[in-house]
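In what follows, a single structure is set out as structure tokens and then discussed.
The values are calculated or read from the model by the stated rules, or taken from the named source; none is laboratory data. Just so you know, these numbers come straight off a predicted model, no measurement behind them. Neighbour counts run over all protein chains shown; Cβ positions are idealised from the backbone, glycine included.
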């Protein structure tokens, strides 16, 4: 075979697990007249010397093979075992008949485990009246040769899942990944063409964003790069124009039917030892607490945890969870415990924006927390997954029965639901906990309803916490939250008045809708890039001494001489010191701020001593027992 003969690469599919257009969606991209915006599930066809190799057998494989005119297929290479990459496996049968031979299939041991489970009938060796796919499985343990071309597997991380990309000659295909391990970088040097995952602009726990993929391109420096696994967030023409304006003319979007030719490279596996080193090191990439997976749809959850993947089913906690107060924590912690007992996925099901923001925006309450804070607290509690559904009028019109049958049972494969006693769901909130229990009995899942949590005879609720924070009673709000009320945001330039006349401050642009009442507070502040919090005093108000005209949040850090140029910070409110007031001038204000700082220092000193006394008492009690 001519060693110089190039590999012809055809993109069979460039879309996500749901494809584009997405069922039921009528966004600009899904309704686009541009053929390049029509995207089947992600797959490649590689051809050389009259031979053909397909990377991944998607649910669209039959359609893709017909469109590409694949009359002969010599091998299948699998990246991983998710449904959108293997469910076309059964359509290998016509090639078995025509070629009268088992189909060579290459993949990881984990991928083959999933394949054997999903397509058990093809591997159980039982007599069948119907035909089944005939395959020869080849576990990938290093570089291998097909069509006279070396295929080098590239270890990747897809969330926490180990998956494979592949290098072939002077090109590489990296679909479905969220992290390129450092040890894999050396396998991707001197590429002419790189085809890689770029799902959308909004971050996703298991996929690359456009910005992240551009970072990979800058790191690897291929001559050309092509984005694939593209969601309906990215219109083809508009996104390519944006890439051009950003200074990336060599980066374009792949599209179904696109063909390129790439150099085949050497015909012997010369990098086996290098690959083994990368593969061995990669297993240590994900260390520590398991990172929670966040999904924007039940379909995305099912692609990772559904029957075609883990088949574990779910225990679901449902609610708005604004602020994640002690009542929410009880629901979530019970969900986690029950999921562990039955081997299911502890999943929080919530909405963004909250339903009232869509249904009655004029009466929707101010939110205690941001969506990012909510997700961080889900993860801190130990939730394995969160499904944050975009709340739309279409979702609002879903009947209680459809909400349970389609969303919970069919897609999330629910084993149990945990909710609060005031939970309502479905169109016009027609469903309540009694009806949920009836639907649970009908569909075979348990329903656990938690009673409200009370503190000093007062019911813990998001409504009461909003009231307390708005009044400035952050101490009582913290008791209900189980932690101080926290505000996050960017650090923005101030007027410089504080640094010049009183004390230097950091100015916060809050991301929260809910703000504490105007006044001066004892706080602790966490700066961007740091984990420890710093003692601080924070003023929320109009700066009347200097005739301020807009509300500001200004924080002074006590005894801190570090970097005063952080990009972001979080301010945690412990206690209100006093109301904001107008002073006669900068000197009087400076004297008062000095008193505020002294009170804050005394507060934290007393708190530290109290905690130490408590620790000593606990140790003594343990020794007595």
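In segment 120-134, the qualifying residues are those that are surrounded by fewer than 19 Cβ atoms within 10 Å (Cβ to Cβ) and touching a strand residue (DSSP E or B) at 6+ places or on another chain (Cβ under 9 Å), and the one that is modelled with the highest pLDDT is 134.
With respect to (1) in contact with a helix residue (DSSP H, G or I) (Cβ under 7 Å, 6 or more places away or on another chain); (2) closer than 17 Å to residue 249 by Cβ, the lone exception for residue 184 is condition (2).
Within the set 370, 399, 350, the sole residue that is surrounded by 15 or more Cβ atoms within 10 Å (Cβ to Cβ) and within 15 Å of the chain's Cα centre (by Cα) turns out to be 350. Test residue 259 against the stated conditions and say whether it is surrounded by fewer than 17 Cβ atoms within 10 Å (Cβ to Cβ) and at pLDDT 95 or above. The answer is yes for residue 259. Take the conditions out of contact with any strand residue (DSSP E or B) (no Cβ under 9 Å at 6 or more places or on another chain) and either over 30 Å from residue 575 (Cα atoms) or in the same structural domain as residue 332 (by TED's automatic domain parsing) (or both) and apply them to residue 421. Does it pass? No, not satisfied.
Between 16, 57, the distinction of being crowded, with 19+ Cβ neighbours inside 10 Å and under 25 Å from residue 145 (Cα atoms) belongs to 57 only. Scanning segment 364-371 finds one or more residues that are in a helix (DSSP H, G or I), farther than 13 Å from residue 319 by Cβ and at pLDDT 90 or above.
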